[in-house]
Every structure is written in C-alpha cells, then in structure tokens.
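The values are calculated or read from the model by the stated rules, or taken from the named source; none is laboratory data. Computed from a predicted model, the values in this text were never measured in an experiment. Using ideal geometry, Cβ is built from the backbone for each residue, glycine included, and neighbour counts are taken over all protein chains shown.
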Amino acid sequence: MSSQETFKITTETGRLDKVLSNLMADESRSQLKEAIDKGNVTVNGNLTKPKYPVQPGDEVVITIPDPVALDLEPENIPLDIVYEDDDVIVVNKPAGMVVHPSPGHPDHTLVNALLYHSPLSTINGTYRPGIVHRIDKDTSGLLMVAKNDNAHRSLAAQLKNKTNLREYIALVHGVIKQDEGTIDAPLGRSPKDRKRQAIVADGRHAVTHFKVLERYLNYTLISCWLETGRTHQIRVHMKSIGHPLAGDPLYGPRKTINGSGQFLHAKKLGFKHPVTGKQLVFEALLPDDFERVLRRLREQTPGLH
C-alpha cells in the first residue's frame, strides 16, 4: 500500500529535496532524499535526482510507501508527565532514553512507555506514533507528544512556522567572552562520518541563539533558543565556535566531564494548544547529576559560590 501527493510548483525554487521538505512538514529532508533516490519521486513524469533545480510550472509527484511496521510493545515504564489532556502530552524525558524505536533500539523507548499510557497520533506511521519532535538519547527535558492526528498536524505546523518556544540549558567547554550570540550555519550529514552532522554548504538552514548564564574556570553555562530543530543542532553549532558541549561523546574533546552524555537539557517548551489556541509554556528542572556538576564548578571558581 502507498499514497501519492502531487505538487504543481508555482513559486518554490531550489533543490528538489529541499523544496519537498518545505512542502511536506511531516517528512524529513533525509526521508525525502531517500524517496527520490529510490525512484518514488517524478518531476514532469521523469525520475530525477535530489539536487534537481525545481522551476515554477514543474509537476512533482511523490509516492509515499507505508512505513515498515515494527512490533511496538507497550511497556510499563514510568513517565514524568508535566502536562496532559485529551490532545497533547508534555513529558520530561530522562537522559539515556531513546525517543522512538529504530533498528538499533527496538524497545525500552519513550514511545514504548507512551503507548502503554495512552493512544497516540498515527501520522508518523507505526514506529514514531505521537512524536512531533525529538531530542537526542542523552539529552534530557521536555517533549510535546500528540495523542491524535489533528493535534499532531497543529503541533507540526507550529514547529515548521517557528512559532513555538524551545529553550535549552547547556554546559560548554571554555569561557565564552560575549554575553550572547547567534549561530547561523546550515547543517547536514558529515561527508566524513555518517554518524555525525556538520556545517555543510548545501545543508538545511539552522539558527541557534545563545546567552551566557554563568562562567566558570574552564566552562560556561548557557541558555539556547532554537529557530530550527536540526539533528544535533546545538552540539554542532557550539562546537563550530570553539565551545563544544561538556560530556559530548561525538563532538566534544576526549578530556571532558564524565556523565551520561552531553550536558544538554530541554528546559522550556511553549506552544499553542491545538484545540483551544491557548498559549502553554512549561519548564523542567535540571537533572540532579547536571546540578551536582554545576555546584562543583561553582565551588572551583573564585568569587562564584
């Protein structure tokens, strides 16, 4: 089984995979590139490549195969639910928990726990039910989850239109001199290592704003606001200006602070309720191990206790 969508291009121009990602909020650019590579996309009836330059007047048809079903078992795993109603759940994810199943992580994920707790939206197919956005396995903090398809469409549109609020707390190496800054650099898969993201010329638009909260002897505590939510965005952007995240096994230095991974916490999340339209804002305290490290750094920094 599969479905088809047809787009008659009017004003959109640029690479085919990028144009499609702009038109289809629920599909990632990597998924769309894969669809093009597999011959599931035609332009004016012809197969083409992801970098094909789309022009006004082009007719783009994409065939979307149904996702391969994984056997998702609801699991009775405790959840830290910050808010819940008939449409949405806001959950505080612990560091170390994978958000949804994948070939390397078939169970014990946040989705397995959520399925035990509640029905979820089906827009993302069988292996990512309810998941509107993700945070990395070792990142802690707030996620919004859709319990039905209408809520999912609303929350996904808010992400795409950059109208929601996402604030993170991060501990980075080095002492940042300026009090605040903005990093605007496109991100994509690293050509050298497929497990990593990197700043690449033809990558997806990515913007991170940061503000210094505290400075220590060799580290800085910052808050970050995302305009875009790319994979590993904060981790790659902060490394790019010489301040990789503490504890980051992928982008940080070998000599770093021991922990369960990068010291990154999704502290604040805000969005409009998909039914009532009311603006909702939630906050989650830093995990205990994150707080312990900050206390130790404060004690080691002269004049800061």
Task: Candidate set from region 129-173 (those that are in contact with a Pro (Cβ under 7 Å, 6 or more places away or on another chain) and not assigned by TED's automatic domain parsing to the domain that holds L79); member that is farthest from D80 (Cα to Cα) - done: H173
- [ ] Could you look through region 192-209, keep only residues that are part of a strand (DSSP E or B) and touching a residue at least 40 places away in the same chain (Cβ under 8 Å), and pick out the one that is surrounded by the fewest Cβ atoms within 10 Å (Cβ to Cβ)?
- [x] I199
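Rundown of residues vs (1) closer than 27 Å to M238 by Cα; (2) free of Cβ contacts under 8 Å to residues at least 12 places away in the same chain; (3) not in a helix (DSSP H, G or I), yes/no style:
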| site | (1), (2), (3) |
| --- | --- |
| N112 | no, no, no |
| I123 | no, no, yes |
| P129 | no, no, yes |
| D138 | yes, no, yes |
| M144 | yes, no, yes |
| H152 | no, no, no |
| I169 | yes, no, yes |
| I183 | yes, no, yes |
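Within region 210-231, how many residues are of a type in the set (D, E) and part of a strand (DSSP E or B)?
The total comes to 1.
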- [ ] Take L280 and decide whether it is at pLDDT 95 or above and assigned to a loop (DSSP other than H, G, I, E, B).
- [x] no
- [ ] Please work out if K177 is surrounded by fewer than 19 Cβ atoms within 10 Å (Cβ to Cβ), of a type in the set (D, E, K, R) and under 24 Å from Q279 (Cβ atoms).
- [x] no
